[in-house]
Amino acid sequence: MKLKNQKGKTAQQGIGILELLLVLALIGLALAFVFSNAQKATGKSYDQQILNDVLLIKSEAMAWRGPRPVFTGVSITALTSVGLLNTTWGAGTAINPVGGDYTLAVSGADAAAMQITATDLAAPQCAGLARALALSAAEGTTPSCTGGVLSVTFR
């Protein structure tokens with residue numbers, strides 16, 4: 001809408017459609033940027049939580065074993081039942097941040113080693129976690145990722 005001011009010059013009043021579209025486009029770009037970064041931050045947060053959980057399971061399994069030389073009978077349920085893990089852990093089912101499970105068991109034929117797994121991981125997430133846990137894994141073992149399952153052996 002154009003109005004004449006006191007000196008006879010025309011002046012525009014209100015907001016035009018182009019200005020409105022420009023503002024909406026800028027808001028859309030800002031939201032896309034925020035959403036993209038929020039997803040990356042959430043993914044990193046999940047990775048850190050899984051890493052912390054695996055190391056917590058390792059630590060509590062070591063406490064559970066105590067002076068015994070073997071991990072025979074170790075499990076998430078066993079750690080929960082003796083109060084080493086919070087009761088919300090239950091059997092480790094659907095407890096990890098991405099909705100997967102944690103398992104803890106004696107490692108194959110070596111009762112002096114334990115194996116911790118985390119399921120339902122995306123391939124890049126699993127590979128990153130395997131790299132992060134490589135230094136703390138049992139000597140001579142390498143954390144692995146197969147089909148979204150992270151598997152780490154500790155002694």
For this session: Output the residues belonging to segment 143-155 that are β-branched (Val, Ile, Thr), surrounded by 13 or more Cβ atoms within 10 Å (Cβ to Cβ) and over 17 Å from the mean Cα position of the chain (by Cα).
Result: THR153
For this session: Would you mention how many residues in segment 108-134 are in a helix (DSSP H, G or I) and within 15 Å of SER59 (Cα to Cα)?
Result: 1
For this session: Return a yes/no flag: does segment 1-18 have any residue that is more than 30 Å from SER136 (Cα to Cα), part of a helix (DSSP H, G or I) and at pLDDT below 90.
Result: yes
For this session: Determine whether segment 140-149 contains at least one residue that is in contact with a Lys or Arg (Cβ under 9 Å, 6 or more places away or on another chain) and either under 18 Å from ALA63 (Cα atoms) or not hydrophobic (A, V, I, L, M, F, W, C) (or both).
Result: yes
For this session: State all residues of segment 67-77 that are of a type in the set (Ser, Thr, Tyr), touching a residue at least 24 places away in the same chain (Cβ under 8 Å) and surrounded by fewer than 17 Cβ atoms within 10 Å (Cβ to Cβ); if no residue qualifies, say none.
Result: THR72
For this session: Take the residues in segment 101-142 that are without any contact (Cβ under 8 Å) to a residue 24 or more places away in the chain and under 20 Å from the mean Cα position of the chain (by Cα), then tell me which one is nearest to PHE71 (Cα to Cα).
Result: ALA137
Exercise. Which ones in segment 102-111 are farther than 17 Å from PRO143 by Cα and modelled with pLDDT of 95 or more?
Worked result: none
Exercise. Among the residues of segment 83-92, is there at least one that is at pLDDT 80 or above, assigned to a helix (DSSP H, G or I), surrounded by 14 or more Cβ atoms within 10 Å (Cβ to Cβ) and touching a helix residue (DSSP H, G or I) at 6+ places or on another chain (Cβ under 6 Å)?
Worked result: yes
For this session: Answer yes or no: is there a residue in segment 78-100 that is in contact (Cβ under 8 Å) with a residue 60 or more places away in the chain, within 24 Å of LEU135 (Cα to Cα), in contact with a strand residue (DSSP E or B) (Cβ under 7 Å, 6 or more places away or on another chain) and not small (Gly, Ala, Ser).
Result: no
Exercise. Would it be correct to say that ALA138 is over 13 Å from ILE50 (Cβ atoms), assigned to a strand (DSSP E or B) and touching a Ser or Thr at 6+ places or on another chain (Cβ under 8 Å)?
Worked result: no
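The values are calculated or read from the model by the stated rules, or taken from the named source; none is laboratory data. Small disclaimer: the values here were computed from a predicted structure and weren't measured. Every residue, glycine among them, receives a Cβ derived from its backbone with ideal geometry; neighbour counts consider all protein chains shown.
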